[in-house]
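Report on the structure given below.
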Amino acid sequence: EAGITAFMNTQVQLDTEFGFMYFGYVRDSVTGEYVDPTCALAGLSSKTARHRTRAGVWTNFAGEKFPLIGFDAVHVKLNPTLAGVLNEMGVNVLRAEEVGVCANGCRTMTKTKKRDYKYISTVLNTQDCAYMVENSLKWVKFKNLSDGLYSGMTSSVVSVLEGRNKEGGFNTEDG
């Protein structure tokens, strides 16, 4: 435990809400080789975000509902205490379950700045809402901010946020 903490504090100097780290190499169920899970996790993140009716950008792709397809083992099993230490440092632990290999969390690499963005889904949800608001306001030409223009802008933003709320985007435990 002390060795991992020392390594993380001296060697991993990332403090960003735009990155994430996972512990554990995963075994390819076809070749039997242990490989880095980065591409599989990026694909799972994208697939989860794309399927708004089933999940959405506000859903963390962790737990048994989101197994990594094509992988059947992790190179080492950590005890819950060590997994918890890593998780608190922003390292998400992979674990093998009956349904396959699953992530034990979706934390970002933020340590000090922007602590509100410690979960991947929060970052994606915020960015997605900002994108939708920006697109809904493309009709706005900023010259004079009249009452009518302000009212129309407010209506557009409220519409985007109400839509996200109806989809369930603001009803998550961590985002």
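The values are calculated or read from the model by the stated rules, or taken from the named source; none is laboratory data. A quick note: this is a predicted structure, and the numbers were derived from the prediction, not measured. Backbone-built Cβ (ideal geometry, glycine too); neighbour counts: all protein chains shown. Heads up: the accessible areas ignore ligands, DNA and RNA and are worked out on the full protein's heavy atoms, side chains in. Shrake-Rupley method; radii C 1.70, N 1.55, O 1.52, S 1.80 Å.
Observations on the structure shown:
- Ordering of 28-40, 93-105 by burial proxy (mean other Cβ atoms within 10 Å per residue, highest first): 93-105, 28-40
- A probe of 1.4 angstrom, applied to the heavy atoms of all protein chains, finds Y131 with accessible area near 140 square angstrom.
- Per residue, the stretch 57-96 exposes an accessible area of 48 Å² to a 1.4 Å probe, with every protein chain left in place.
- For M153, the accessible surface of its heavy atoms amounts to roughly 30 Å² (probe 1.4 Å, protein chains only, rounded to the nearest 10).
- Theoretical gain in end-to-end length, A42 to T81 [0.36 nm per residue, Cα-Cα removed]: 11.4 nm
- If you sort K138, K65 by accessible surface, 1.4 Å probe, largest first, the order is K65, K138.
- Working from label points 7 Å from Cα in the Cα-to-Cβ sense, the V99 to K166 distance is 2.9 nm.
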